[in-house]
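Bear in mind that the values in this text are calculations on the coordinates, not laboratory data. No experiment lies behind these values; they were computed from the predicted model shown. So basically every Cβ, Gly included, is an ideal-geometry build from the backbone, and we count neighbours across all protein chains shown.
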């Protein structure tokens with residue numbers, strides 16, 4: 001029942017506590033003597049011009065797009081892999097058709113040059 | 001109160017609050033992060049319903065893939081904040097809020113608060129619930145009874161790849 | 001135990017939150033995220049019924065909805081990118097050329 005998930009809850013709790021504590025501890029323990037130059041972006045360098053935000057290239061979108069599609073593919077492969085022996089050859093054929101159709105999409109993506117970096 | 005009810009109430013509160021925060025933040029990045037929190041709460045709710053595999057997939061696909069894509073696009077476009085919601089509150093917005101509230105009242109009325117109706121028989125989870133959420137059971141059902149929609153999914157994803165590349169590519173040859 | 005009404009009402013509240021977001025926000029990406037929220041509240045209903053009825057069809061539906069949501073995210077965000085490239089805006093009030 002739900003009590004059997006307590007170990008997972010503990011791991012999540014430990015992860016959160018570790019993250020929060022280890023970030024804040026250095027702030028707490030370290031000496032703090034701030035002055036204006038120290039807070040500038042480059043303490044001993046050029047002054048920054050314009051904002052730090054700039055537009056990403058659409059190339060990143062293409063990579064994320066392929067990731068999302070093949071992520072879905074892998075999600076469907078988990079239960080197939082677990083039941084591989086029970087499903088036998090029918091399962092194999094079903095999965096092959098699925099992968100071949102998505103491979104067509106992947107080949108289209110390559111041919112279109114969507115994954116080329118320049 | 002049973003432990004199930006306490007867990008449910010905590011997760012429900014996180015889900016509703018993060019949903020409301022998501023639609024009220026002016027900055028799209030904050031909205032996206034609150035939506036991820038909402039997905040996490042939903043994954044927890046799936047666990048309370050003994051749907052373990054769905055819960056993991058929820059985090060893998062939604063929080064891990066779809067929201068990454070959304071955040072990429074937000075940074076790709078580098079949007080400024082919308083003007084705060086209060087300034088743009090017009091007659092139309094109050095109207096839409098009213099309509100949404102009425103719809104909520106209607107849905108809750110149809111569900112019924114706690115008694116009566118056909119849902120009365122579903123006061124607790126079926127004894128099969130523990131079995132049907134496992135990866136083994138989902139695998140054996142998905143690839144036997146639901147093969148046809150499964151294969152159609154691949155066509156859908158193919159169409160999505162082709163469509164997205166055609167629309168997002170810089171220059172058409 | 002928690003009766004199914006609780007899950008259904010939670011799902012209704014989250015769905016209506018998404019509806020309010022779609023109706024009040026003007027940023028196309030945020031509207032898109034609100035649609036994801038609505039899809040997820042429907043998923044919650046499916047999984048709740050699946051658990052309370054002891055029938056796995058609801059969970060199958062959730063997988064296909066997730067695949068549809070991924071396809072929708074890919075195409076929808078590509079539309080947003082194409083829109084921004086042509087009009088330099090994602091505010092849907094500025095995209096009214098088809099409105100008569």
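Kirkwood Rh and Cα-based Rg: tell me the resulting Rg over Rh for segment C:4-87, rounded to two decimals. List each step's numbers first, then the result.
Working: Rg = 15.1 Å, Rh = 14.0 Å.
Rg/Rh: 1.08.
For the modelled label position 7 Å from the Cα of residue B:16 along Cα-to-Cβ, which residues of segment B:48-72 have backbone nitrogen atoms closer than 19 Å?
Backbone N within reach: B:48-49.
At each listed q (0.11, 0.12, 0.17, 0.26 Å⁻¹), what is the log10 of I(q)/I(0) that the Debye formula gives for segment A:14-96 modelled as equal alpha-carbon point scatterers?
-0.75, -0.79, -0.94, -1.13
Compute the helix-to-body angle for A:58-82: its Cα long axis versus the longest principal axis of chain A, expressed 0 to 90° and rounded to tens.
50
Looking only at other chains, what is the average number of their beta-carbon atoms within 10 angstrom of each beta-carbon in B:16-22?
Mean partner-chain Cβ count within 10 Å for B:16-22: 5.
For the protein assembly as shown, what ratio Rg/Rh do Cα atoms give with a Kirkwood hydrodynamic radius?
That ratio is 1.00, to two decimals.
Within a 10 angstrom radius of each residue's Cβ in C:42-48, how many Cβ atoms of other chains show up on average? Whole number is fine.
5
Which FRET efficiency value, to the nearest 0.05, is calculated for residue B:29 and residue A:46 with the Förster distance at 22 angstrom and r the Cβ-Cβ distance?
0.20
Just counting partner chain Cβ atoms within 10 Å, what average do the residues of peptide A:83-92 show around their Cβ?
For this peptide, the per-residue mean of nearby foreign Cβ atoms is 3.
How large is the Kirkwood hydrodynamic radius of chain B, in angstrom, based on all distinct alpha carbon pairs?
Values: mean 1/r = 0.0496 Å⁻¹.
Evaluated over chain B, this radius sits at 20.2 Å.
Percent relative contact order of segment C:4-87, based on C-alpha pairs within less than 8 angstrom and at least six residues apart?
Reported relative contact order: 28 percent.
Using only alpha carbon pairs under 8 Å that are at least six residues apart, calculate the relative contact order of chain B and give it in whole percent.
Averaging sequence separation for qualifying contacts and normalising by length gives 20 percent for chain B.
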